[in-house]
Amino acid sequence: MSRGPTIAAIELLRDSLGDEIVRTPLMRCTAIEGLLGGDTRVFGKLEFLQRTGTFKARGALAVLNSLDDAQCAAGVTAVSAGNHAIATAFAAQAVGASAKIVMISTANPVRVQACRSYGAELILVDDAHEAFEVAERIQVEEGRFFVHPFEGSAIATGTGLVGLEICEQCEHFDVVVVPIGGGGLIGGISNAIKQLRPACEIIGVEPEGADSMHRSFDANEPRSIDEVRTIADSLGAPFAAPYSFDLCRQNVDELTLVDDRQLRKAMGLLYQAMKIAVEPACAASTAALLGPLRDQLLGKTVVLVFCGSNIDWATFAEQAIIEDLDAA
């Protein structure tokens, strides 16, 4: 089993990154509490206010800051539907390295432009499996370092900062609900929180059309999916990987699923109730709390991780379902 980063290692990374990373707010979500009723308390960890618009900047900077001068000179490559691409381009620019990044051709144009704004060279391909093959070829032929979107101890140290901050910002909480793509975010968060608050429950949320972690838990080993079938493309990892899977198996207490309609309704609800326009992945924790976890978590203090929001208004307006809040 993989051993996760220690709290000391996570704190050391925070000290080394300094102002390059934002300590994102933890906000009381009274509007969501009102929809649940009872005495449930809900807090939101607002990672969409992180640099580049998602938590991904934490892991990318952790990786890039660990490279030696020779590797920085050779540059980096990465695979992404958008958010990890932006974060890797940002981190590469921060350390003075070049970035050649493989993106899925269906990626939101806003994310493509954001990636280019940090000086990255982009290669667009048809699907996630092809993207990893192209990135591997770039790595071999050009000697670039592959910045994995969710796998490895550096990524877990970076995302562990989110868990550390939650523990510092909230005196008491019972449950943390975290969206899952490849498992890098929840792996790092759960590893940190279980060291500091071992009694806390960690629940992961996947879209029904991208359930690689569910399949991996069932098989007790990393598994893949044939195709991503969800609007939450940021959560569309085609497979689980050994290190992040091990961290999840050790520290994640439960997994749950949400469908695209639940994601779309949660997007609309967050816009109406909290005045935030977020991407489907960011709405996953809310969709789970108001859906499959609703009765289970009543009366508890819950932290929802809002993982990011790189979305344009036209796409948001097309995807979000706006309903009467009283009917939510």
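The values are calculated or read from the model by the stated rules, or taken from the named source; none is laboratory data. Predicted model only: the values in this text are computed from it and were never measured. All Cβ positions, glycine included, derive from the backbone under ideal geometry; neighbour counts span all protein chains shown.
Within the range 27-51, track down each residue that is free of Cβ contacts under 8 Å to residues at least 40 places away in the same chain and touching a helix residue (DSSP H, G or I) at 6+ places or on another chain (Cβ under 7 Å). The one that is free of Cβ contacts under 8 Å to residues at least 40 places away in the same chain and touching a helix residue (DSSP H, G or I) at 6+ places or on another chain (Cβ under 7 Å): R51. Filtering the range 153-194 to residues that are outside any helix (DSSP H, G or I) and either touching a strand residue (DSSP E or B) at 6+ places or on another chain (Cβ under 7 Å) or modelled with pLDDT of 95 or more (or both) leaves C170, H172, F173, D174, V175, V176, V177, V178, P179, I180, G183.
Considered as a group, the residues in the range 218-252 that are of a type in the set (D, E, K, R) and in contact with a Gly (Cβ under 9 Å, 6 or more places away or on another chain) include one that is nearest to P179 (Cα to Cα), and that residue is D233.
From (1) without any contact (Cβ under 8 Å) to a residue 24 or more places away in the chain; (2) in the same structural domain as R111 (by TED's automatic domain parsing), pick out the condition that doesn't hold for R223. Condition (2) is where R223 drops out. Just to be sure I understand, how many residues within the range 170-201 are surrounded by fewer than 24 Cβ atoms within 10 Å (Cβ to Cβ) and not small (G, A, S)? Within the range 170-201, residues that are surrounded by fewer than 24 Cβ atoms within 10 Å (Cβ to Cβ) and not small (G, A, S) number 13. Among the residues of the range 95-106, some residue qualifies, meaning at least one is buried (at least 23 other Cβ atoms within 10 Å of the Cβ), β-branched (V, I, T) and more than 18 Å from the chain's Cα centre (by Cα).
Tallying residues that are over 18 Å from the mean Cα position of the chain (by Cα), under 27 Å from D226 (Cβ atoms) and assigned to a helix (DSSP H, G or I) within the range 113-130 yields 2. Based on what the data block shows, is T230 of a type outside the set (F, W, Y) and over 23 Å from A107 (Cβ atoms)? Here the answer is no, as T230 does not meet what is asked. Among helices (runs of 4 or more DSSP H) entirely within the range 1-84, having at least 2 residues that are buried (at least 24 other Cβ atoms within 10 Å of the Cβ) singles out 56-64. Can you pull out the residues in the range 141-184 that are hydroxyl-bearing (S, T, Y) and farther than 22 Å from L26 by Cα? Matches in the range 141-184: S153 only. Condition check: outside any helix (DSSP H, G or I) and acidic (D, E). Does E133 satisfy that? Judged against the criteria, E133 is not a match. Filtering the range 118-152 to residues that are more than 14 Å from H84 (Cα to Cα) and out of contact with any strand residue (DSSP E or B) (no Cβ under 9 Å at 6 or more places or on another chain) leaves R137, V140, E141, G143, G152. If we scan the range 136-151, do we find a residue that is under 30 Å from I32 (Cα atoms), part of a helix (DSSP H, G or I) and β-branched (V, I, T)? No, the conditions are met nowhere in the range 136-151.
Scanning the range 265-311 for residues that are over 21 Å from E208 (Cα atoms) and without any contact (Cβ under 8 Å) to a residue 60 or more places away in the chain turns up Y271, Q272, K275, A277. Here is the figure for the range 51-99: residues that are aromatic (F, W, Y) and more than 18 Å from D233 (Cβ to Cβ) total 1.
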